[in-house]
1. Condition test on Asn100, is it closer than 26 Å to Trp21 by Cα, among the polar types (S, T, N, Q) and either open to solvent by less than 20 Å² (accessible area, probe 1.4 Å) or part of a strand (DSSP E or B) (or both)?
2. Being assigned to a helix (DSSP H, G or I), free of Cβ contacts under 8 Å to residues at least 12 places away in the same chain and either among the basic types (Lys, Arg) or closer than 19 Å to Arg97 by Cβ (or both) is the filter here, so list the residues in the range 28-53 that pass it.
3. Run Asp22 past the list (1) under 22 Å from Met157 (Cα atoms); (2) outside any loop (DSSP other than H, G, I, E, B); (3) out of contact with any Ser or Thr (no Cβ under 8 Å at 6 or more places or on another chain) and report the number of the one that doesn't hold.
4. Quick test of your reading of the structure: Ser18 fulfils all but one of (1) of a type in the set (Ser, Thr, Tyr); (2) more than 21 Å from Lys163 (Cα to Cα); (3) in contact with a strand residue (DSSP E or B) (Cβ under 6 Å, 6 or more places away or on another chain); (4) open to solvent by 50 Å² or more (accessible area, probe 1.4 Å). Name the failing condition by number.
5. Which ranges mark the strands (runs of 3 or more DSSP E) fully within the range 104-177 that have 3 or more residues being open to solvent by less than 80 Å² (accessible area, probe 1.4 Å) and modelled with pLDDT of 95 or more?
6. Name the pairs: first residue in the range 158-177 and under 13 Å from Gly140 (Cβ atoms), second residue modelled with pLDDT of 95 or more and open to solvent by 70 Å² or more (accessible area, probe 1.4 Å), Cβ to Cβ under 8 Å, at least 6 apart or on different chains?
7. With the structure loaded, tell me whether Thr84 is among the polar types (S, T, N, Q), surrounded by 13 or more Cβ atoms within 10 Å (Cβ to Cβ) and outside any strand (DSSP E or B) or whether it fails that test.
8. Please give the number of the condition Glu43 fails out of (1) under 14 Å from the mean Cα position of the chain (by Cα); (2) within 20 Å of Thr162 (Cα to Cα).
Amino acid sequence: MSTPRTPDPGLLVISVLSADWDVFWPEVSAELTARFGPFESSEAFAFDETDYYDEELGSPITRRLIAFDGLRPLVELADIKLWTNAVEQRFAADGRRRFNLDPGFLTLQRLVLATGKNFTHRIYLRDGIWADLTLIWQRGKWVDFPWTFPDYAGEAMKTRLTKLRLSYKTKLSKPQT
């Protein structure tokens, strides 16, 4: 028999996509900090694996990967996605989002992203939000799946996530406040 136990908290990461950072980023980064605490942001890097968002967000699109200092309970994923959806809508102009916020949790074992779209491998959480098992950590590296988004399957993203995983591992070893 397995004995249920509360898992370690996760490292909240949010992928932010946009073609026009100057319009919203100072205000949105302040909102993110107010809601989730301080964070570190990667430099903006190209998002060119797909043109899926070009019509809505414009182009060229760049991404920043942000990771928050404090660790959070994994059960918060649906709440976080609902909140980021609301932020996207609040800053929308002419019925179009200016940016896309994709939250997820990084743990020692995996990266799980939140989404509002169902698919065969996704697990329903609640309120229209699904958990997408995007990557797993095995034998010292990230392993992707046939359904992993091409940008997350790429080495540039995996390299960034490996650095975040190391930081997360260090945070786990320290007492949480």
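The values are calculated or read from the model by the stated rules, or taken from the named source; none is laboratory data. Everything numeric in this text was worked out from a predicted model, so none of it was measured. With ideal geometry, Cβ positions are generated from the backbone for all residues, glycine too; neighbour counts draw on all protein chains shown. To get the accessible areas, we keep the full protein, side chains included, count just its heavy atoms, and leave off ligands, DNA and RNA. Shrake-Rupley method; radii C 1.70, N 1.55, O 1.52, S 1.80 Å.
1. Yes: the conditions hold for Asn100.
2. Across the range 28-53, the qualifying residue is only Ala30.
3. Evaluating Asp22 over (1) under 22 Å from Met157 (Cα atoms); (2) outside any loop (DSSP other than H, G, I, E, B); (3) out of contact with any Ser or Thr (no Cβ under 8 Å at 6 or more places or on another chain) leaves (1) as the failure.
4. Here Ser18 meets the rest and fails (4).
5. Passing ranges, in order: 110-115, 129-138, 141-144.
6. Close Cβ pairs (under 8 Å, with a partner that is modelled with pLDDT of 95 or more and open to solvent by 70 Å² or more (accessible area, probe 1.4 Å)) amount to Lys158/Lys141; Thr162/Lys141.
7. Yes.
8. If we test Glu43 against (1) under 14 Å from the mean Cα position of the chain (by Cα); (2) within 20 Å of Thr162 (Cα to Cα), just (1) comes out false.
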